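Here's the structure we're looking at; comments come further down.
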Amino acid sequence: MATLSAKPGQRFTVPDWHTNSHLISADAERQRSASHQVRQEARTLRNETNNQTKWDEHDNRTRLAERIRNVNRWKETLDKCLADVDAEIDALAKVKEAAERALQAKNLPLDVAIECLTLRESRRAIEVVRDPVEEELHKEVKLIDKAKSELQQKASEAFEQLCLLQEARQQLSSDHQCKMEALELDRMCLSLSVNSPNISFKVNPTQVPNGSTTVDEWEQNSQSNKERAEAEMKTSAELREATVLAIAQTNNELEAQRVATEFALRKRIRDLEKAYDELKWQEQNTLEEIAEMEEEIRRLEEELRRKTQDLKVAHTRLETRTYRPRVDLCRDQVQNGLTDEVHQLEGTMRALKQKLAESQDSLDALYRQLHRIQTDLGYKTNSLVLDNKCMDTRRKLLVPSERFLPEAETFPQATTHALSARKNGQQDLV
């Protein structure tokens, strides 16, 4: 007969079975409750993080837009400042060229003044006089040297200022270029979204790059560049005004000196012509006097010859009467008359000879004086020729001074007004 085999293992009771079922149900309830709690917390977290992410992204977009506006505003400021610096560089360069042209133009007056002084060194004898013309020419040379020194200094200062302006412009240009690049990058960042291509994780994106600056340092750098450029432009404008006034002043001073020199030269020429005319008159009168004196000497000599013949006659009569015989050799009135005549003729001849000698001396003195007059006339003729050559040489200086001044439109209004006021004042003085 077959037997029922018994299975190995533990046997549970019915209560154990119910207890196990109850435990399983209770665990399932707790697990579902915990899962629900997690789901609720996850939903809340998703909502909160989503909102936070959206607001953070919105705030950063706003910050990017504001940053772009700030950088763009500074870029526009630097654009204007760069344009002003370029205009100032151009204006200062023109003033520098004008100063150099004016400096170069001073070579001609200097050469003319030195040439006039050299020409007048050819004067002779008494004509080598330190007259007002020579004094004015020496003043002119000193004034030209002073003007050249001043213009050279202004040109050198303008060159140095141009270098400073170029340096300031370089800093502005570098700052401007940096802002252009920063604007491009920030605009690209503003355009990025989750749908943009080429977005990816980066290695240590939150690190602070080397060389980073604060906002205050960033703004201070641009402000310093702008202020330096403005300061250099102000200095350049003042230098331009001073240079233009220096050019005008030197031109006016040289023009006034040129007028003074030529006035003295014309006066000297008039004095020379007057003295020349006076000497020519003296020469003519002296020549006439010489002619009359020569005629008088000829008459004295003729008279002396006649008196000599008369004396010979008287001597012959006296000598002949000594041969009268005996008693007839008497001292009669004829003898006394002839004797008186001889004495009278001898005295007359002595007087005539003395007067002839005096006349000859006077004639010699007249010839010496004539030679002196003619020599002085030669000196004055030479001086007139030299001074007229000086006048011809100085005609090279009749060039309008305005050609050496820079164009008015290249300067700020204040500069041109100051220059106009200076010119009007000088015209009033004239």
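So the values come out like this:
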{"quantity": "Given 96/234; 267/396; 280/396; 106/139; 54/202; 75/96, the pairs whose alpha carbons are separated by over 25 Å", "calculated": "280/396; 75/96"}
{"quantity": "Under the Karplus curve 6.51 cos²θ - 1.76 cosθ + 1.60, θ = phi - 60°, whole-Hz ³J(HN,Hα) for the range 183-190, x wherever Gly or Pro sits", "calculated": "4, 4, 5, 5, 5, 5, 4, 5"}
{"quantity": "Rounded accessible area of residue 259 (nearest 10 Å², 1.4 Å probe)", "calculated": "80 Å²"}
{"quantity": "Per-residue HN-Hα couplings for the range 171-178 [Karplus 6.51, -1.76, 1.60; θ = phi - 60°; Hz; x = Gly/Pro]", "calculated": "5, 4, 5, 5, 4, 5, 5, 4"}
{"quantity": "Computed label-point distance, nm, for sites residue 316 and residue 160 using a 7 Å Cα→Cβ extension", "calculated": "10.9 nm"}
{"quantity": "Qualifying chymotrypsin sites (Phe, Trp or Tyr not before Pro) in the range 319-395, DSSP loop, other Cβ atoms within 10 Å at most 14", "calculated": "323"}
{"quantity": "Nearest-0.05 FRET efficiency for residue 344 and residue 295, computed from C-beta distance (R0 25 Å)", "calculated": "0.45"}
{"quantity": "Label-point gap, in nm, between residue 196 and residue 335 - each point 7 angstrom along Cα→Cβ", "calculated": "16.7 nm"}
{"quantity": "DSSP-loop trypsin sites (Lys or Arg not before Pro) across the range 1-110, with at most 11 other Cβ within 10 angstrom", "calculated": "11"}
{"quantity": "Sites residue 178 and residue 30 - FRET efficiency at Förster radius 51 Å, r taken between beta-carbons, to 0.05", "calculated": "0.20"}
{"quantity": "Label-point separation, residue 374 to residue 212 (7 Å along Cα→Cβ), nm", "calculated": "10.9 nm"}
{"quantity": "Rel. contact order, % - alpha carbon contacts under 8 angstrom, at least six apart, the chain", "calculated": "28 percent"}
{"quantity": "Per residue solvent-accessible surface (Å²) - the chain, probe of 1.4 Å", "calculated": "67 Å²"}
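The values are calculated or read from the model by the stated rules, or taken from the named source; none is laboratory data. Nothing here was measured: the structure is a model prediction, and the numbers come from that model. Here Cβ is always computed from backbone atoms with ideal geometry, including for glycine, and neighbour counts include all displayed protein chains. Calculation scope for accessible area: heavy atoms of the full protein, side chains included, ligands and nucleic acids excluded. Shrake-Rupley method; radii C 1.70, N 1.55, O 1.52, S 1.80 Å.
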